[in-house]
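Below is one structure, written out as structure tokens; comments come after it.
The values are calculated or read from the model by the stated rules, or taken from the named source; none is laboratory data. Only a predicted model underlies this, so the values are computations on that prediction, with no experimental measurement involved. Positions of Cβ are generated from backbone atoms using ideal geometry, with glycine treated the same way; all protein chains shown enter the neighbour counts. SASA here: full protein model, heavy atoms, side chains in, ligands and nucleic acids out. Shrake-Rupley method; radii C 1.70, N 1.55, O 1.52, S 1.80 Å.
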Amino acid sequence: MISFFFKKKTLPLLNEDFIFFLKNKFGVHPVNQKLYLEAITHSSYKNIENSQYDNERLEFLGDAFISLAVANYLFKVYPDKNEGYLTQLRAKIVSRESLNKIGEDIGLQNFILYQKSSNNYKSLVGNTLEALYGAILIDIGAEEAQKSIEEFILKSKINIDQLIVENRDYKSELLMLFQKKRTAIVFKTLKIDHVYQKVKFSSEVFSNGKSIGKGIGSSKKAAEQDACRVVLSAT
């Protein structure tokens, strides 16, 4: 556990490792150290240590800022994409799963102050990442915070090209393609008895009674999307 030092009637001093972490992973040198200590302090730690800090308010602010910052970035980078497409792409980037993974990838979990117990605090890391950006926003301003999230998160930690591929609706594309051909397609999707990792369903696409592609996935929808992707790639 990273140690933090306090002096009465003065601002808390952050450990040098954490200051280096902020500079290396966020491009930030903290001015108001209190904000960053607050950002990494979970309410459970506040309760057991009688701390005056917890990160819930900064989490609220950071959540809103990250969503806006990502929207701003996508708006600039993809000028030809419509509102619905950009909304779906932003949702994938700012999802709890995505933020948790980003935080874990950069090692944020090593600096969070919280009560270790049987409670796993499922969104602990993602929530703390939001709180940190709340602190960054207040400490260095919106312009610099935007630069931080673009350079250190969006460009280095997120494969947006891969998200675009994942965001593609293969089933709708395939249905439209065969509608133009005036040919019907049928899906046969089954649950797999022997589950391999996250694969739980298989799907097969038929046209005129002939199989034209197969796919697998963790859900019925995912398996059908995969099958459609296979068909489109061979078309």
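The residues of the stretch 61-114 that are more than 12 Å from the chain's Cα centre (by Cα), under 23 Å from I19 (Cα atoms) and in a helix (DSSP H, G or I), listed by number, are L61, G62, F65, L108, Q109, N110, F111. Each residue in the stretch 93-142 was checked for being in contact with a Pro (Cβ under 9 Å, 6 or more places away or on another chain) and charged (D, E, K, R), and 1 of them qualify.
Hey, could you check the stretch 115-133 for residues that are in a helix (DSSP H, G or I) and in contact (Cβ under 8 Å) with a residue 60 or more places away in the chain and say which is farthest from A39 (Cα to Cα)?
In the first step, residues of the stretch 115-133 are kept if they are in a helix (DSSP H, G or I); the result is 124-133.
Pick out the ones that are also in contact (Cβ under 8 Å) with a residue 60 or more places away in the chain and you get 124, 127-133.
On the way: L124: 12, N127: 9, T128: 6, L129: 8, E130: 8, A131: 5, L132: 5, Y133: 8 Å.
Of everything passing the filter in the stretch 115-133, L124 is farthest from A39 (Cα to Cα).
Between H29, H42, the distinction of being open to solvent by 70 Å² or more (accessible area, probe 1.4 Å) and either closer than 15 Å to I138 by Cα or in contact with a Leu (Cβ under 7 Å, 6 or more places away or on another chain) (or both) belongs to H29 only. A145 satisfies every condition listed in (1) modelled with pLDDT under 90; (2) within 19 Å of the chain's Cα centre (by Cα); (3) among the hydrophobic types (A, V, I, L, M, F, W, C) except (1).
Of the strands (runs of 3 or more DSSP E) lying entirely inside the stretch 143-227, those containing at least 1 residues that are polar (S, T, N, Q), open to solvent by less than 40 Å² (accessible area, probe 1.4 Å) and farther than 26 Å from I93 by Cβ span 185-196, 199-207. Scanning the stretch 88-112 for residues that are of a type outside the set (A, V, I, L, M), open to solvent by 40 Å² or more (accessible area, probe 1.4 Å) and farther than 18 Å from L58 by Cα returns Q88, R90, K92, E97, K101, E104, D105, N110. Scanning the stretch 113-142 for residues that are among the charged types (D, E, K, R) and open to solvent by less than 20 Å² (accessible area, probe 1.4 Å) returns a single hit, E130.
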